[in-house]
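First the structure, in the form of structure tokens, and then the observations on it.
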Amino acid sequence: MATQRGINLNTLPILEDISSRDVRGDHASLIRKIGADGIVLLKNLNNTLPLEAPKNLGIFGNDASPLINGIVFGETEPFEIGTLDVGGCSGTGRKMYLVSPWEAIMAKGKQIGARVQYVFNNEVLAADDFRNNSIIDVLWGKVNPSGKLPSTIPAEDKDYDFPIVNLSASEFIQYRHFDKHGIEPLFRFGFGLSCTGFEVQDTVEGDSKRLKNVAARPDPNAGIVEGNADLWEPILVISA
């Protein structure tokens, strides 16, 4: 842990080895599932995903590289780009479930006999635990990506009306800013693709329901069935 924080261990006294055991639970499968469920698919050109058994794989981007440095103080070794994991407690020095996309894809490539080539810049990087091998589950179709963007990604930096100091700039921030000014973003809030295909038949039957007197707030006297009953109402039912 000390070396991760940029402390020179040569200045510290040598302590006698103390036996210990790892009492943490085996959370690898849960972390992998959470990681896969949180992946957002933004593009799937030519229905490339899910992959089957390609013989050539390419990895591009500085955030895909293996871990080359632990967590450091910016004063001792400043950096401008990378992924920083700031969670964890006393056991943070041991990242048991930390696997970079490069390591995961290299392992998968070896398994299927594929040639893997990669190009990325080795900047200071500390990858997140939850990434793990989850990216493999999505790339090869074991998990259908279902994550959605929690924010809007602009097509250009100038599309944002910076600087925003506080929330006194009315409610027109984030995606509302784009809607108000008619700016088309690169990806909208809530965007996220999946690898599922759909076919609609010629005959589609629908049953629409008109709602009257729908209040802006739910009825506090309504019963709670997995949440307040007035949080949603069926508007349209379509069967094909």
Report, by chain and number, residues whose modeled amide H sits under 5 Å from the one on Tyr118, excluding near sequence neighbours (fewer than 5 apart, same chain). Ile59
Can you list the residues, at least 5 places off or on another chain, whose amide H is less than 5 Å from the amide H of Phe191, using H built in the peptide plane? Leu149
Full-stretch length increase - Phe198, Ser29 - with 0.36 nm per residue and alpha-carbon distance subtracted: 57.8 nm
With labels modelled as points extended 7 Å from the Cα through the Cβ direction, what inter-label distance (nm, one decimal) is found for Lys142 paired with Glu184? 3.9
Which ³J(HN,Hα) values in Hz, rounded to whole numbers, follow from the phi angles of region 193-198 under the Karplus curve 6.51 cos²θ - 1.76 cosθ + 1.60, where θ = phi - 60° and Gly and Pro get x? 8, 9, 9, 8, x, 10
Which cross-chain or sequence-distant (5 or more) residues have an amide H under 5 Å from the amide H of Ser146, H modelled 1.01 Å from N in plane? Ile39
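Bear in mind that the values in this text are calculations on the coordinates, not laboratory data. Please read these numbers as outputs of a predicted model, since none were measured by experiment. So basically every Cβ, Gly included, is an ideal-geometry build from the backbone, and we count neighbours across all protein chains shown.
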